[in-house]
Amino acid sequence: MTRLLLCLTAATLAACADDTTDTLLRTDDGATLVQLAPVSTDTLQLPISAPGRVGARDVVTLAFKVGGIVASVAVDAGDRVSRGTVLARLDTREIDALVDKARAALDKAQRDSARVARLYADSVATLAQWQDAATGTAVARADLAAAQVNQQYAVITAPDDGRVLHRWINPGAMISVGAPVLTVGGTARGVVFRAGLADRDAVRIRVGDRATVTFDALPDQRWSGRVTQRAASADPRSGTYGVEITLQDAAALPEDLVGTVTLWPQTTAGVRVIPVAALLEGDGDEATVYTVESDRARRHTVRLGPFVGTDRIVVAGLDSAATVVVRGAAYLTPGATVRIVP
């Protein structure tokens, strides 16, 4: 929208200049007097800007595998944690009792199996009884392993070095299976800036392209980075393609801080550039320009790109036109007769 307003302002000034410098814009035969400017075809490095948010590349929400009473939560939001640090525990008295019960059941099954094996060797027990006893031992061993897993996951440890982003629960609360307890952002793989790009911009971006990020909250600073990931498909809700930029020296930035990224893709050849003064009737990212063919005005709808300097702009949709009307265009209609003046 800012780009469009600037373009329309320039076009309006150009039209006003026509009014103040030309008292008669038409010749006796009805032709409109116009001035032309060249359309250049350049090779440029065109930047792409997009809003987004900063955050840890690896974010995980931690939960208990089993439900129960929360015995302790050792950290708060904002705390730094190290890999393997205990972050939260359940009251494990019931879980410990289930482990003891499973262990006792395994001991009994093993004794029963040994006794039946001796009886089978003496032809007192049948083959089926011996096999059932062996199966009972295997089942008891599996029950003990499951109980020990639940006991292990009644404690939450930090999966990596990082920072606590959210604390969802307090000690003493009754919690269900899988309910969130803590959200942790890992720092091992760095901090990234995530943004969404329109399709026409996403196709120009490659992994490794240079980027700079700024934040309104930190106006005097900027962060450098590189594109490390670009989505292969569009987000079904926004229609944009996600891109991740890994930032340097950004570990201290708050999670979800809103900013703007400027991406610098590889140079683009064959870019069409015209004076801003040629633009008329802007609508969104589109505007109207006129060219002259055989002394007749031809109207074009062009799509606007970035500015080149302060008085030129990249456009698409001009075909092979060599010049555009920069003065007198406001008085033209498609097919109107024109006279070109220096």
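The values are calculated or read from the model by the stated rules, or taken from the named source; none is laboratory data. Just so it is clear, the structure is predicted and the values come from calculations on it, not from any experiment. When we count neighbours, we look across all protein chains shown, and the Cβ atoms used for this are built from the backbone with ideal geometry, even at glycine. Ligands, DNA and RNA are stripped out before the accessible areas are found, and what is left, the full protein with its side chains, is counted by its heavy atoms. Shrake-Rupley method; radii C 1.70, N 1.55, O 1.52, S 1.80 Å.
So here's what we get for this one:
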read-out: Farthest toward positive dipole pole in the range 206-289 [+1 Lys/Arg, -1 Asp/Glu at C-beta], among Gly282, Leu247, Thr260; value: Leu247
read-out: Positive dipole terminus of the chain, leading residue within Leu106, Ala202, Trp223 (C-beta point charges); value: Leu106
read-out: For the range 61-192, convex hull volume per residue from C-alpha positions, Å³; value: 127 Å³
read-out: Taking the range 75-192 and dividing mean pair separation by its residue count, relative contact order in percent (alpha carbons under 8 Å, at least six apart); value: 40 percent
read-out: Hull volume in cubic angstrom per residue (convex hull over the Cα atoms of the range 71-129); value: 124 Å³
read-out: Local net charge near Val227, Cβ-Cβ under 14 Å (Lys/Arg +1, Asp/Glu -1); value: +4
read-out: At least 30 Å along the helix axis (C-alpha) and Kyte average at least -1.0, DSSP helices within the chain; value: 93-121, 127-152
read-out: Solvent-accessible area per residue for the chain (1.4 angstrom probe, square angstrom); value: 55 Å²
read-out: Dipole magnitude of the range 267-342, debye to nearest 20 (Cβ charges: Lys/Arg +1, Asp/Glu -1, about Cα centre); value: 220 debye
read-out: Equivalent ellipsoid, the chain (semi-axes from 5 times Cα gyration tensor eigenvalues, Å); value: 75, 23, 15
read-out: Estimated dipole of the chain in Debye, rounded to 20 [Cβ of Lys and Arg +1, of Asp and Glu -1, Cα centre]; value: 1060 debye
read-out: Accessible surface of the chain [probe 1.4 Å, protein heavy atoms]: carbon and sulfur percent; value: 52 percent
read-out: Using distinct alpha-carbon pairs, which all enter the 1/r mean, Kirkwood radius of the range 166-281 in Å; value: 17.4 Å
read-out: Candidates Leu182, Leu144, Leu263, ranked by Gaussian network fluctuation over the chain, Cα under 10 Å, top entry; value: Leu144
read-out: Residue-by-residue Karplus 3J(HN,Hα) for the range 280-286, coefficients 6.51, -1.76, 1.60, Hz, glycine and proline x; value: 9, 6, x, 8, x, 9, 10
read-out: Cα-based shape type of the range 202-261, given that a ≥ b ≥ c are square roots of the gyration tensor eigenvalues and the cut on a/c is 1.5; value: prolate
read-out: Spherically averaged projected area of the range 240-342 from its Cα convex hull (nm²); value: 9.8 nm²
read-out: Qualifying trypsin sites (Lys or Arg not before Pro) for the range 131-211 [loop in DSSP, other Cβ within 10 Å: at most 16]; value: Arg204, Arg206
